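Only one structure is covered here, and it is reproduced in the block below.
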Amino acid sequence: MLAAGTLLTGCSQKISMGNMPSVVQNGLKSQFPNAVNLEWEKNGDLFEAEFDVNQQEYAALVDATGKVVAVKQEIDATQLPAPIQQQIQTSHQDYALDDAEKVERNGQVFYQVELQKTMSELKQVYTAEGASSPEAFWD
């Protein structure tokens, strides 16, 4: 998990569609055939795609073989599981929810939130049960 977190926070560089390996592009398109507004970056050994499907924002990490290894989807706060909403209200009542995302990686689902208050931002990753997760926050 630490290695994945390091890859997600390391240096990245934008890549034009013409310079993207076709196996990587095809891997993403097979899982997300309706992806539009596609932008690519290289993060370590992985390729990160940012795109929209049905006017909803997504990001995916794809390895050099074309395997989608992680997917992040922007969600509305009302789509957060109730235990996470309760945890935020209990532990961070002085913060306002700025962003919420659902992350699927290695067959597991996590939820990450950005919370803000005056001059402060907090990034948290939770399990569906509302517990803090050791999973690295994916920016």
Cα-based reach from Lys29 at 18 Å (exclusive), listing aspartates and glutamates while leaving out same-chain residues under 8 positions away: Glu39, Glu41, Glu48, Glu50, Asp52, Glu57, Asp63, Glu104
Given the options Val125, Val69, Val113, state which has the largest fluctuation in a GNM of the chain using a 10 Å cut-off (strictly under) for Cα springs. Val69
Karplus-derived 3J(HN,Hα), 6.51/-1.76/1.60, for each residue of the range 65-74, Hz, glycine and proline x: 8, x, 7, 7, 9, 7, 9, 10, 10, 5
Cβ-Cβ cut-off under 11 Å around Leu115, Lys and Arg +1, Asp and Glu -1: the net charge is -3
By how many degrees, between 0 and 90 and to the nearest 10, does the Cα long axis of helix 22-31 differ from the longest principal axis of the chain? 50 degrees
Under the √(5λ) rule applied to the eigenvalues of the Cα gyration tensor, what semi-axes describe the equivalent ellipsoid of the chain? Give them in Å, descending. 29, 15, 14
Whose amide H sits under 5 Å from the amide H of Asn43, counting only residues 5 or more places off or on another chain, with H placed in the peptide plane? Glu48
Check: C-alpha center the range 75-91 vs C-alpha center the range 92-139, spacing in Å is 10 Å
Which residues qualify? For Ser133, with a placed amide H closer than 5 Å and at least 5 residues away or on another chain, they are Val125, Tyr126, Thr127
Too long for a 21 Å Cα-Cα cut-off, among Lys42/Lys117; Lys72/Lys117; Lys14/Lys72; Lys42/Lys123; Lys72/Lys123; Lys42/Lys72, are Lys42/Lys117; Lys72/Lys117; Lys42/Lys123
Rg over Rh, two decimals, the range 76-127 (C-alpha only, Kirkwood Rh): 0.97
Say we join alpha carbon atoms closer than 10 Å with springs in a Gaussian network model of the chain; which of Leu80, Leu61, Leu122 then has the biggest fluctuation? Leu122
What is the set of long-range amide H partners of Glu57 at a cut-off below 5 Å, with H atoms built 1.01 Å from backbone N? Glu74
For the range 76-127, what is the relative contact order in percent, using Cα pairs closer than 8 Å and at least 6 residues apart in sequence? 29 percent
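Each reported figure results from applying straightforward, stated rules to the coordinates on display, with no laboratory input. All values derive from a computational prediction rather than experimental measurement. Here Cβ is always computed from backbone atoms with ideal geometry, including for glycine, and neighbour counts include all displayed protein chains.
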